[in-house]
Amino acid sequence: MLILLTTPPTSIPNKTLGFIINPIAGMGGAVGLKGTDGQQTLKQAQTLGATPIATKRAQTFLTELLAAKPHLNLIVGAANMGETEAKKLGYTCRVIGETKPKTTSEDTQTIAKTILEASVDLLVYCGGDGTTRDIQKVIGMNLPVIGVPTGVKMHSALFATSPQAAARVVLEYLWRGLPLQEAEVMDIDEQAFREGHLSAKLYGYMLSPFEPHLIQSNKMQSPLTENEIENQAAIALYVIEEMQPETLYIMGPGTTTRTVADLLDQKKTLLGVDLYLNKQLIAQDVNEKQILTHITNKPTKILVTPIGGQGFIFGRGNQQISPKVICQVGTNNIFVIATKSKLAKLKYLRIDTGVQKLDDTFRQSGIRVIVDYKITQHMPIE
């Protein structure tokens, strides 16, 4: 069994780490925009009250890496693209680029190109699938890469399961060695995504350290077989029978949750978060602020389904159901539904809300998953 390092050995040479933050990554999540690609979407996110999250998650990653600080030299993007967070924690840095009030994908590519030419040992970036594509255009297969998950869309297979996991992989790769894999760079059409259509595309590959417990796989679609459809219907029927009057139901994205709405003869956004009361749709494609308004002083339950192939139930594609929402609803009012075939491909479920204490609460007890009519299965959470 692989035992991961928590600190680097003291008798080895120093290492050089490239580090890039996309400061706007993930801002569209809590406000329900399904991504933050493009200046127009960014402006819309800001209008809706979105706040930056990438720098906070970058800070978590760098804090977890502090034991290695005496052995690490960082090459970072200027200002909020890496420099600010690294210097706050006392890292030795070489800074690339200029301080800008607004950053673009071209800035990410320029920094990545310079990092590649500097012959670093590893590149770590904080962003989502859009950032991954920008880096892949420049890096290709020429440098190992790890993504710290900070975006809304994270379908690519380069992301660690959390900022803490990313730091553990960095330590293990740099000072003990992990094998490299060719990891898929995936992204989706954001406009089609907002309209409820999942249009994913493979853009290429990059090299990434292989550690299956700490690096997520790419997202897998559930097969629409007859057995799968029947299983979804049986789960939905049980959920509907158990629905309580005058209780608000927050339904996350996915085909299994959509089946619940179909049997209620209600419209469900496939890729958004909707609200139901007394088995009727009352609000569609809501954001965090709208959810919090609706659940005030109202009995509420959350219904989610894990992402196929990855196992995330919170923190990927449903950031509208934020830590604040989860805490207000209560962990005992969360219901997970998944077909038997989807669950059979997962050894455990995952959570990455960005709040360590909340994530640990789930990990301590695991969670029950409804897998068929009146049938549940206990699943551990990593």
Non-local residues with an amide H under 5 Å from the amide H of residue 301, with H modelled 1.01 Å from N and Pro and chain starts lacking one, are 248, 249, 250
Could you state the number of Å between the C-alpha centres of region 76-106 and region 296-348? 35
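Pairs of Cα atoms under 8 Å, at least six residues apart: use those to get the relative contact order of region 58-211, whole percent. Can you show the working numbers first?
Numbers: 268 pairs, mean separation 31.9, N = 154.
Relative contact order for region 58-211 comes out at 21 percent.
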GNM flexibility winner over the chain from 257, 293, 150 (Cα, springs under 10 Å): 293
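In whole percent, what relative contact order does region 226-379 give with Cα contacts below 8 Å and a gap of six or more residues?
Values: 278 pairs, mean separation 37.8, N = 154.
Over region 226-379, the number comes to 25 percent.
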Springs between alpha-carbon atoms under 10 Å, Gaussian network over the chain: tell me which of 177, 254, 308 tops the mean-square fluctuations. 177
Convert each backbone phi in region 284-295 into a coupling constant with the Karplus relation 6.51 cos²θ - 1.76 cosθ + 1.60 (shift: θ = phi - 60°), then list the ³J(HN,Hα) values in order as whole Hz, x for Gly and Pro. 10, 6, 7, 9, 4, 4, 5, 4, 4, 5, 6, 8
Could you work out [θ]222 nm for the chain from helices alone, using -39500 (n - 2.57) per DSSP H run of at least four and dividing by all its residues? Round to the nearest 500 deg cm²/dmol. -9500 deg cm²/dmol
In region 226-379, what % of DSSP beta bridges are antiparallel (nearest 5)? 50
Gaussian network model of the chain, Cα within-10 Å springs - most flexible of 132, 99, 339: 99
Starting from the Cα of residue 201, draw a straight line to each of the lysines and keep only those under 20 Å, dropping any in the same chain fewer than 8 residues away. 34, 137, 153, 219
For region 102-112, just list the computed ³J(HN,Hα) in residue order, Karplus coefficients 6.51, -1.76 and 1.60, θ = phi - 60°, integers in Hz, with x standing in for Gly and Pro. 10, 10, 10, 5, 5, 5, 4, 5, 5, 5, 4
Mind checking which aspartates and glutamates have their C-alpha under 16 Å from residue 340, skipping anything on the same chain fewer than 8 residues away? 226, 228, 230, 372
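Antiparallel DSSP bridges in the chain: what percent, to the nearest 5?
Values: 22 of 56 bridges.
Within the chain, antiparallel bridges account for around 40 percent of the total.
What percent do you get for the relative contact order of the chain when only Cα pairs under 8 Å and 6+ apart count? It would help to have the intermediate numbers written out before the result.
Numbers: 836 pairs, mean separation 54.7, N = 382.
It rounds to 14 percent for the chain.
None of the figures in this text is laboratory data; all of them are computed from the coordinates on show. Just so it is clear, the model here is predicted, and its values are computed rather than measured.
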